[in-house]
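The values are calculated or read from the model by the stated rules, or taken from the named source; none is laboratory data. As the structure is a computational prediction, the values presented were derived from the model and not from experiment. We place every Cβ from the backbone using ideal geometry, glycine too, and count neighbours over all the protein chains shown.
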Amino acid sequence: MRDYGAVFDTTISTKGVTKIWANSHNDEMQGNHALILALKQGFGYIEIDTHLDASSSINSSLSLLAGHEVSDLNSNRTVKDLYLDPLLAILDAHNRDWTSGSEKNWTGVYEDDPREEVTLFFDIVSFLLLHLPLIVADGNVLSLRIKKSDGDATWPYLEAALEPFLSKGYLTTYNTTSNKLVPGPLTIVGTGNTPLHRVYYSSLRYIFYDAPLLELYHPYTLPASQYGPETTIHWNPTISPIASAKFPLQSYLALGPGSKGGGFNPFSCNLKLTSAIAREMGIQARWWGILHKPGWMRRMLWETVWESGAGVMNADELEDMGNWLRGREGKERSLKC
């Protein structure tokens, strides 16, 4: 288990910081001050590996825990303490004179970039640890631990955790009856094991879905469930404001001949085409899983992804990405092959 300790700070200041279009990937792995590091750099997207563990030895309250691996889980490191309470405190401080539905605009997480939204990814990697009694030959009773992924089990706990934000008008919402999208300072996107049927059939949608970036042009058949009938989904921003995929192995060849100087590189063109499809649909494109080391190679790959037109950069090296991306402010991207 990583020794992160339990450091909670609900007095985080974002004064002097403006948003960058980058995601802090697996943010909880940044250590004791993970959220502070992301906000200090202006990250507009923050991803939290989110677990629901029914094991009383870990967390009897069934609250949501933040951790990349099972061994990282600690009952003191809840999503509420590490992320939601500090963000709620920031938004409350920035919106003392604002109420939902008023003519005055809300102020977002970044005080000096007040109309920019911040997106929280909840990567539902939850499992239920089921403790079943097992009687062995000598009569002893052992506990059989069965791990079972279940996004549906996590869903109501995530809804409950977000209720304070929803009640104050801090969340982006989409009313599926009136087809009205209302932007808020915080946008919630489920990824990982997030149940798409729960997202799609929510009458007031405030948890959106991380769409499959490489399949955006294919309609998706959502199977019938207790929440609604079988239906065909055409991806759009009211379901998925962002789409993600692991960076394809063959796309490393985008660094090869033709990637610079106006030449033709089919792998670079494929990346640009993928981003263009998402952009035409009003959806942000994000690649994850890019090589971390060495640093010079990582930055070359960032350059390739950025030049391809990706809407959101993905990073584990927050300060490096912050400095790198700000160095490209005002620069034109060559989006044509």
- Search segment 79-102 for residues that are modelled with pLDDT under 95 and surrounded by fewer than 18 Cβ atoms within 10 Å (Cβ to Cβ) and pair each with any residue that is polar (S, T, N, Q) and part of a helix (DSSP H, G or I) when their beta-carbon atoms are under 9 Å apart and the residues are at least 6 apart or on different chains. S100/S167
- Return the residue satisfying two criteria in turn: it lies in segment 310-324 and is over 19 Å from the mean Cα position of the chain (by Cα) and in contact (Cβ under 8 Å) with a residue 12 or more places away in the chain, and of such residues it is surrounded by the fewest Cβ atoms within 10 Å (Cβ to Cβ). D320
- Task: Within segment 203-235, count every residue that is under 17 Å from V312 (Cα atoms) and touching a Gly at 6+ places or on another chain (Cβ under 9 Å).
- Result: 3
- Message: Suppose we filter segment 103-145 for residues that are at pLDDT below 80 and either touching a Gly at 6+ places or on another chain (Cβ under 9 Å) or part of a loop (DSSP other than H, G, I, E, B) (or both); how many remain?
- Response: 7
- Taking segment 213-223 on its own, how many of its residues are at pLDDT 95 or above and in contact with a helix residue (DSSP H, G or I) (Cβ under 9 Å, 6 or more places away or on another chain)? 6
- Query: Which one of the conditions (1) within 15 Å of the chain's Cα centre (by Cα); (2) modelled with pLDDT under 95; (3) not small (G, A, S) does P248 fail to meet, given that it meets all the rest?
  - Reply: (1)
- Test R205 against the stated conditions and say whether it is modelled with pLDDT under 95 and among the charged types (D, E, K, R). no
- Within segment 157-180, track down each residue that is surrounded by 18 or more Cβ atoms within 10 Å (Cβ to Cβ) and either in contact with a His (Cβ under 6 Å, 6 or more places away or on another chain) or among the small types (G, A, S) (or both). A161, G169
- Message: Condition first: under 23 Å from F247 (Cα atoms) and in contact with a Lys or Arg (Cβ under 6 Å, 6 or more places away or on another chain). Now tell me which residues in segment 174-213 satisfy that.
- Response: none
- S178 meets each of (1) polar (S, T, N, Q); (2) over 26 Å from N270 (Cα atoms); (3) touching a residue at least 12 places away in the same chain (Cβ under 8 Å) with one exception, condition (3)
- All positions within segment 278-309 that are closer than 18 Å to Q250 by Cβ, of a type in the set (A, V, I, L, M), in contact (Cβ under 8 Å) with a residue 12 or more places away in the chain and assigned to a helix (DSSP H, G or I): M300, L301, V305
- Find the strands (runs of 3 or more DSSP E) located wholly in segment 212-253 whose residues include 1 or more that are more than 18 Å from G192 (Cβ to Cβ), and list them. 220-222, 231-233
